[in-house]
1. To the nearest 500 deg cm²/dmol, what mean residue ellipticity at 222 nm is calculated for the protein assembly as shown from DSSP H runs of n ≥ 4 alone, each contributing -39,500 (n - 2.57), summed and divided by the residues?
2. Using alpha-carbon pairs under 8 Å, 6+ residues apart, how would you state the relative contact order of segment B:155-334 in percent?
3. Mind checking the full-extension length gain between B:Val216 and B:Gln46? Use 0.36 nm per residue of separation minus the Cα-Cα distance, one decimal, nm.
4. At q = 0.06, 0.09 Å⁻¹, what log₁₀ I(q)/I(0) does a Debye calculation on the Cα points of the protein assembly as shown give, no solvent, two decimals?
5. Given Cα pairs under 8 Å that are at least 6 residues apart, what percent is the relative contact order of segment B:22-102?
6. Given Cα pairs under 8 Å that are at least 6 residues apart, what percent is the relative contact order of chain B?
7. Which aspartates and glutamates, if any, have their Cα less than 15 Å from the Cα of A:Lys11, not counting same-chain residues under 8 positions apart?
8. Quantify how strongly other chains surround peptide B:96-104 by giving the mean number of their Cβ atoms within 10 Å of each of its Cβ atoms.
Amino acid sequence: MADHQEKLFTKDTILVMAATFLFQFSTMAVNPLINGMHVTLAQAVLLPGSSLG
Amino acid sequence: MNIISMILRPVAGNLTDRISKYRLTFFGGSICFIGTLGYVFAPNSQLLLLFRFINGIGFVFCTVCMATWIAFLVPRDHVGEAMGYYGLLNASSMALAPALAINLYQVIGYRPMLGVSAAAVLLMVILIQFVGNPAQPKYRPQENKGRHHFKIIQKDTLAVASIMSLLSIPYFATQADIVMYVAQRHLNVAVGMYFFIYAVVLFAIRIALKNFFDTVRFGVWFAICAVASVVYIVFLAIMNSDWQMAVAAGCMALGYGIMFSICQSTSLMLAPMAEQGLANSTFYLGLDIGMSLGPIIGGLIDNYLPLTWFYPVMLVILPIVLVIYLFNRQKLNGAVEHH
């Protein structure tokens, strides 16, 4: 099997791009929430902001 | 998470050049799923922090590996176009996901919203099972015995990574501080629309440019993007109305969003096929540095200078970027011929 396809959009490239979107969506959806959740969980806020990094 | 990224980028790059992209993405995606699912059930902040570290490990492997996987699947003379679409997907998720998360968690709460995030990454792990080409690496241990060592960076891509790193500083300073900047300066603008406008303009530009990423020299893009960067920084400095903010967001899409894809595809075209993963990890290492420095420099400006200087000071970056380009222009402009 050839390593490379001849077209830009093939089943494989569309699947990997869709997977990329889902992965980035997951990461970016967590970012604005994680510090708030961290502060909520920490009874005494020892390390505010450290969770998001 | 940024610290983990910077430490693990070279590891991810070297592994990407030795292991199939499918295997590494599956590993990274599974780690991400464990980390994200951990957020949903974390009973205390210490465990939340632990799951953040786990998620960070998966994040590094997935970002390096998936971009390399796409570059591997497309013809070499379409790498620029593919990276353009890849950058567009990133920008879309960066614009949509935080807005959705912030609005939805207020209705359903933190844990269910984090569950949605875990479901998205699980779906990603399922999707890659249907990809036919696992992208086996070019590297053959028996052929490279004794001369293929662990490398921290891909030296051909260092200039591109440095340019990306510097251009990322005003972008990530804006991402971190624009709400504060608008509030403290009492500006009458709909700041919540800023990154939405950015994503829409980037989408329009990306569609209009078709395959120009693969045929136009780096220097042409660099000149356009440098001018657009000056315009967006100046407009952010002087904005006092929605249309001025929209001009800034649109020029940022051109100056940073397009340059992101150009730099990523250039780094892949400059590096040999056996070091595509390392080239991507070097590119992302530059991005990580810019991502860390942006908010730090923004904070320093905010602390030590009047807020009106926040953006004008950022203009200092552009002459430095220009010098890096001028010293490397022959190599960078020749990248489009490396198909």
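The values are calculated or read from the model by the stated rules, or taken from the named source; none is laboratory data. Note that this is a predicted model, so its numbers are computed, not measured. Note that we place each Cβ from the backbone using ideal geometry, even for glycine, and neighbour counts take in every protein chain shown. All accessible areas refer to the heavy atoms of the entire protein, side chains included, with ligands and DNA or RNA removed. Shrake-Rupley method; radii C 1.70, N 1.55, O 1.52, S 1.80 Å.
1. So the calculated ellipticity at 222 nm is -25000 deg cm²/dmol.
2. 43
3. My answer for the length gained is 56.2 nm.
4. Each listed q maps to, in turn, -0.22, -0.51.
5. Here the relative contact order equals 29 percent.
6. That works out to 29 percent.
7. A:Asp3
8. 5
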